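Encoded as structure tokens, the structure appears first; notes follow it.
No value in this document is a laboratory result; all are computed from the given coordinates. All figures in this text were calculated on a predicted structure; none of them were measured in a lab. Positions of Cβ are backbone-derived with ideal geometry, glycine not excepted, and every protein chain shown enters the neighbour counts.
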Amino acid sequence: MKKDRTKSALPTPVFASGGASLGQLVLPGLLIDARRALRELVMQSGLAVFSALLEQDRAALCGPRGRFQKDRQAYRHGHDVGQVVLGGRKVCLRKPRARSLDGRELDLPSWRQVTLEDPLQDRVLEQMLVGVSTRHYARSLEPLQEGIEETGTRRSSVSRHFVARTAAQVEVFLSQPLDTIDLPVIQLDGVGLGDHLMLVAIGIDSSGTKHVLGVTEGSSESEAVCTGLLRQLIDRGLPVERARLFVIDGGKGLRKAIRVVFGEWSLVQRCQVHKLRNILEHLPERQKAWVKAAVHRAWASDSVDRARRRLKDLAAQLRDGHPGAAGSIEEGLDETLTILALGIDGALHRTLRSTNPIENTQGTIRRVTRNVKRWRGGFMALRWVVTALGEAQKGFRRVKGYRDLPRLIAALEATIQGSSVDRQVKIA
């Protein structure tokens, strides 16, 4: 006799427990209803517990119901409808009331605790960070059971909570002290948001850990904007008289601001990625590949003299046909070799030869702000960027090659001291 193969195509039965009798079948299509019922049960139970807590608070103020109290300090005063924060929104609930003997409304501790808007602002902030727009905020929340009225999920309400939360973060972020952190390396770069350019500073401490140091808003990487940011860092405790390496993208305003504010205590490493991009912009497509390889070969040299000679030879080759590319190679040539001149190689060399560590942070800024369609001023841009930087900092790790940082610090100090001695000899 052949086996009946049609049985294998039937759905596997699911047996219910609890309220249903043992062996009762539940169709898989009804599992969604079961989940909804469970959610409503949990919510009903939670609201029942909360109501009991409110009555307990009122009993603590007014005494037990139905008993005479000679020293009564308050009395029950019926119920009112109030709003509490629940699941990322405000819901309307029945609120017990109590009054003092002179007629003043008394607070119930449990009610006061759940009406705080901090949890609601935290939920709004978290939803914005994961990419939920203000328009779709309500859809991202778990549905409520029927009969419960909700507020605070409209676009304007969500935006208001987000503004309040991020405005408070800006004030805290821009006032954090920096005098307790040793920062031998600082990276500076800008990111554009509409008509606003946000200049961001990230530091690497002596253990290799990254720190978001500050941010300022402007229209360009001008000397004034850069100087303002560096002055803010100093006002918050960043020491000036410390040998330090600045990694920048090559903007003239950045370079001049560093020289004005930190003077002889600073060395600059120009980002090689930005420099190579600038060189290739002056070349036709057919020449970009071999020039790119030649520049990489020069930067990979085992000495500064050899790297400098190779770059100058390349500039001489390009001068007649492509003077723009030749000029770009020679402009700031020595500052593209600062890490090599300090004797740093390996993973730390690859980390500090470009602004890639800060570029990764800017990627987080772009991701967090991607739903913003219109920027309504510089403070709005500042709020969003500070929020994104806080999110980025949660994922910071020690930079690659951090074990070589003591060698870098020693080389920085030796170079700065040597430069100072040379200048004193020339003056004498």
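In table form, for the structure just shown:
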item: Listed residue pairs exceeding 30 Å between alpha carbons, taken from 292/394; 256/394; 275/400; 95/373; 252/394; result: 292/394; 256/394; 95/373; 252/394
item: Cβ-based net charge around residue 350, under 13 Å, with every Lys or Arg adding one and every Asp or Glu removing one; result: 0
item: Simple spin-label estimate for residue 182 and residue 306 in nanometres, 7 Å along Cα-Cβ; result: 3.3 nm
item: Relative contact order for the range 181-422, counting Cα pairs under 8 Å that sit 6 or more residues apart, in percent; result: 23 percent
item: Ordering of 403-413, 348-358 by packing [mean C-beta count within 10 Å, highest first]; result: 348-358, 403-413
item: 13 Å beta-carbon shell around residue 398, net charge (K/R +1, D/E -1); result: +2
item: FRET efficiency for residue 55 and residue 195, using Cβ-Cβ distance with R0 set to 51 Å, rounded to 0.05; result: 0.35
item: Förster-model FRET efficiency, 41 Å R0, residue 330 and residue 234, C-beta, rounded to 0.05; result: 0.80
item: Ordering of 225-233, 242-250, 330-338 by packing [mean C-beta count within 10 Å, highest first]; result: 242-250, 225-233, 330-338
item: Cα pair distances of the range 181-422 binned at 5 Å [whole percent]; result: 1, 6, 13, 17, 17, 17, 13, 9, 5, 1, 0
item: Counted charge near residue 332, where neighbours are those whose Cβ lies closer than 9 Å (Asp, Glu -1; Lys, Arg +1); result: -1
item: Student exercise, the range 161-271 dipole from Lys, Arg, Asp, Glu Cβ charges, in Debye to nearest 20; result: 200 debye
